[in-house]
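The values are calculated or read from the model by the stated rules, or taken from the named source; none is laboratory data. Just so we're clear, the structure is a prediction, and the values are computed from it rather than from any experiment. Backbone-built Cβ (ideal geometry, glycine too); neighbour counts: all protein chains shown. For the accessible areas, the whole protein counts, side chains as well, though only heavy atoms, and no ligand, DNA or RNA atoms are used. Shrake-Rupley method; radii C 1.70, N 1.55, O 1.52, S 1.80 Å.
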Amino acid sequence: KEKSKGIKSYQSAPHFSLSECVWTFSGSFTIIFLLCFISANITLWNENGGYAFPLGPFGALTTLHYSLGDCPPAQPRNVILGSALSGTIAILTTYLPETIVCSTLRIAFATSFSIAAMAALGIMHPPGGAIALVFALGGHHWGHLLLTICGCWLAVFLATFINNLNDKRQYPQYWDFATPFKKTS
């Protein structure tokens, strides 16, 4: 049997009704607009009139929050811990001199190690992989990571509020921040 052909009994992604699509758009638009506004108006680390923290991973985060809100990567524990872990690993790798580790190797290592670490701890969060890649590129510091984590908290709180206004949605499914740190037998 050839695995690359896929399986016949797969479950495709559901199609949303028009009202659910409007709900998804509204939630995504609200958080992205708010984060862009906040990031553009923080003058402390806002170099050259840009944004104070990278916004790309938040596009992926809002996809999770408003289209796949019941999946584990969208839950608050994974959002916060996965993002913090990935950003930390990436920033730490930027301290390696390029004379020892070239930037291409550093970026690949930081992103891959972040993904493996999230998997090992059970806190998989795809935007965390994006955070690792963006921060490993260099040019970001601990203040940028702090702002990114604050943005993640804001996104979680808004997703909790907005999704639960809809009778057909429930977010989050759980908060359990302690599980990745519990010893397993």
Q: Quick one: P(r) of the chain from all Cα-Cα pairs, 10 Å bins, percents rounded to integers, in order of increasing distance.
A: 9, 32, 32, 20, 6, 1
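Grab the beta carbon distance between Val22 and Phe181, set R0 = 45 Å, and tell me the FRET efficiency rounded to 0.05.
Details: r = 39 Å, r/R0 = 0.87.
With R0 = 45 Å, the Cβ-Cβ based efficiency is 0.70.
In whole percent, and with a 1.4 Å probe on the protein chains, what portion of the accessible area of the chain is carbon and sulfur? Each step should come with its number before you reach the end.
Working: 7280 of 10820 Å².
Its accessible area is 67 percent carbon and sulfur atoms.
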Q | Ranked packing of 101-111, 61-71, most packed first, by mean Cβ within 10 Å | A | 61-71, 101-111
Q) Taking +1 at the Cβ of each Lys and Arg and -1 at the Cβ of each Asp and Glu, which of Thr63, Leu96, Tyr174 sits farthest along the dipole of the chain towards its positive end, judged by Cα position relative to the Cα centre? A) Tyr174
Q | Amide hydrogen neighbours beyond the local backbone of Asn166, cut-off 5 Å, H modeled | A | none
Q.
I'd like the Karplus ³J(HN,Hα) series for the range 77-92: coefficients 6.51, -1.76, 1.60, θ = phi - 60°, whole numbers in Hz, and an x wherever there's a Gly or Pro.
A. 4, 5, 4, 6, 5, x, 5, 5, 4, 5, x, 5, 4, 5, 5, 4
Q: Would you mind working out the accessible area per residue for the chain, using a 1.4 Å probe, and quoting it in Å²?
A: 58 Å²
Q: Starting at the first residue of the range 164-181, write each ³J(HN,Hα) from the Karplus equation 6.51 cos²θ - 1.76 cosθ + 1.60 with θ = phi - 60°, in whole Hz, x for Gly and Pro.
A: 7, 6, 9, 4, 8, 10, 9, 9, x, 7, 6, 10, 2, 7, 7, 3, x, 9
